[in-house]
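What follows is a single structure, written as structure tokens, with notes after it.
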Amino acid sequence: MPPLTPSSALTSWQFVPLVSGPLAVLAACYLAAVTRVRGRRGRLTARPWPGGRTAAFLAGLAVVAVATQGSVAVYDDTLLSAHMVQHLLLIMVAPPLLVFGRPVTLLLHAARNPWHTRVKRVLRSRVVTALTWPPFVVALYSAVVLGTHLTGLLTARGALHDAEHGAYLVAGYLYFLPVIGSEPLRWRLPALGRYLLIVVAMPADIITGAVLMLHGRIGGYSAGDVRAGGLIMVAGGELIMTAIAVALAVVIVRDLDGTARRARRARPALSGADPGADLPAYNAYLASLHRSRLP
């Protein structure tokens with residue numbers, strides 16, 4: 001196999017029908033649901049489905065395609081550095097994008113009874129409640145990261161390696177659901193809880209990268225390549241987690257600011273404020289003062 005170069009990194013591709021087919025079906029189903037929701041605007045929905053969520057979901061599917069069929073997939077058995085980039089894409093890049101796309105909420109908006117009721121029943125089931133329990137998703141994420149990188153699974157090939165890809169997507173999706181998700185699930189964490197989930201999950205990435213950076217040759221991977229893979233895991237993983245934490249902080253601040261603005265608008269106009277800005281509330285306030293002064 002020729003060496004990996006900037007040119008080959010952009011042009012190398014291996015077509016995998018078992019991956020491309022399901023991704024195409026998911027994209028088509030999502031777009032069909034978006035079209036259905038937009039067509040029902042004014043009757044069952046207050047506004048059309050946000051284009052940003054559609055773009056995020058499709059971008060998540062594209063990341064999965066690149067990770068499993070692009071150059072990192074072509075060279076994953078040759079270079080551990082490519083192997084680690086592939087894993088980061090599958091567990092830390094694609095899942096947040098898919099979660100932000102809110103596919104479950106979209107399904108609820110698009111479905112009619114009896115399917116709408118059936119979907120809600122599944123979401124409230126004990127199985128889904130257990131699978132989305134925050135302590136469980138953190139434990140699953142950490143176990144998948146540590147178990148597939150610090151054991152013999154690191155050099156797995158064939159079907160076993162492909163199964164790892166599925167494990168990364170599932171573990172990443174379940175983990176990021178309570179961190180950045182807003183699906184109608186039982187577990188809805190406050191801002192502090194979401195930050196704690198990020199902090200608790202970080203050691204798994206740091207430990208994995210540190211061990212590989214201190215390790216020598218592993219299987220067919222050279223010592224230098226192993227150290228590069230460890231560096232990618234530490235730097236890339238922490239950079240992604242930090243970016244998500246910052247984005248979460250921006251959203252929280254924006255929501256708090258919006259809440260404060262709504263509270264100010266609902267407050268009666270007092271102390272020199274313009275009564276016309278909220279005339280009904282102002283009149284009600286004056287009436288209450290007048291009643292309180294009556295004998």
inquiry  = Given the criteria at pLDDT 95 or above and not β-branched (Val, Ile, Thr), does residue 98 qualify?
reply    = yes
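Considering only residues that are part of a helix (DSSP H, G or I) and of a type in the set (Gly, Ala, Ser), look in the stretch 1-29 and name the one that is farthest from residue 81 (Cα to Cα). Let's see the steps before the verdict.
As a first pass, look at the stretch 1-29 and keep what is part of a helix (DSSP H, G or I): 6-11, 17-29.
Next cut, of a type in the set (Gly, Ala, Ser) only: 7-9, 20-21, 24, 27-28.
Numbers: 7: 17, 8: 15, 9: 13, 20: 24, 21: 27, 24: 28, 27: 30, 28: 33 Å.
Checked the stretch 1-29; the qualifying residue farthest from residue 81 (Cα to Cα) is 28.
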The stretch 112-139, subset assigned to a loop (DSSP other than H, G, I, E, B) and within 23 Å of the chain's Cα centre (by Cα), residue modelled with the lowest pLDDT = 124
note = If we keep only residues of the stretch 186-216 that are within 30 Å of residue 123 (Cα to Cα), out of contact with any helix residue (DSSP H, G or I) (no Cβ under 6 Å at 6 or more places or on another chain) and outside any helix (DSSP H, G or I), then the residue modelled with the highest pLDDT is 188
ask   = Under 8 Å by Cβ, and 6 or more places apart or on different chains, what pairs join a residue from the stretch 187-208 that is within 25 Å of residue 228 (Cβ to Cβ) and without any contact (Cβ under 8 Å) to a residue 60 or more places away in the chain with one that is of a type in the set (Val, Ile, Thr) and part of a helix (DSSP H, G or I)?
value = 206/234
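Run down 140, 177, 153, 160 and say which single residue is among the aliphatic types (A, V, I, L, M), touching an Asp or Glu at 6+ places or on another chain (Cβ under 7 Å) and closer than 30 Å to residue 219 by Cα. Walk me through how you get there before you give the answer.
Working: 140 fails: touching an Asp or Glu at 6+ places or on another chain (Cβ under 7 Å); 177 fails: closer than 30 Å to residue 219 by Cα; 160 fails: touching an Asp or Glu at 6+ places or on another chain (Cβ under 7 Å).
It is 153.
Determine which member of the set 94, 111 is of a type outside the set (Val, Ile, Thr), over 30 Å from residue 66 (Cα atoms) and surrounded by 16 or more Cβ atoms within 10 Å (Cβ to Cβ).
Numbers: 94 fails: over 30 Å from residue 66 (Cα atoms).
Going through 94, 111 in turn, the sole match is 111.
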message = Pairs please, first residue from the stretch 63-77 and over 14 Å from residue 93 (Cα atoms), second anywhere and crowded, with 22+ Cβ neighbours inside 10 Å, Cβ atoms under 6 Å, 6+ apart in sequence or on different chains.
response = 72/82; 72/85; 72/86; 75/82; 76/82; 76/83; 76/86
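The values are calculated or read from the model by the stated rules, or taken from the named source; none is laboratory data. Note that the structure is predicted; figures quoted are calculated from it, not measured. Cβ coordinates were reconstructed from backbone atoms using ideal geometry, including for glycine residues, and neighbour counts include every protein chain displayed.
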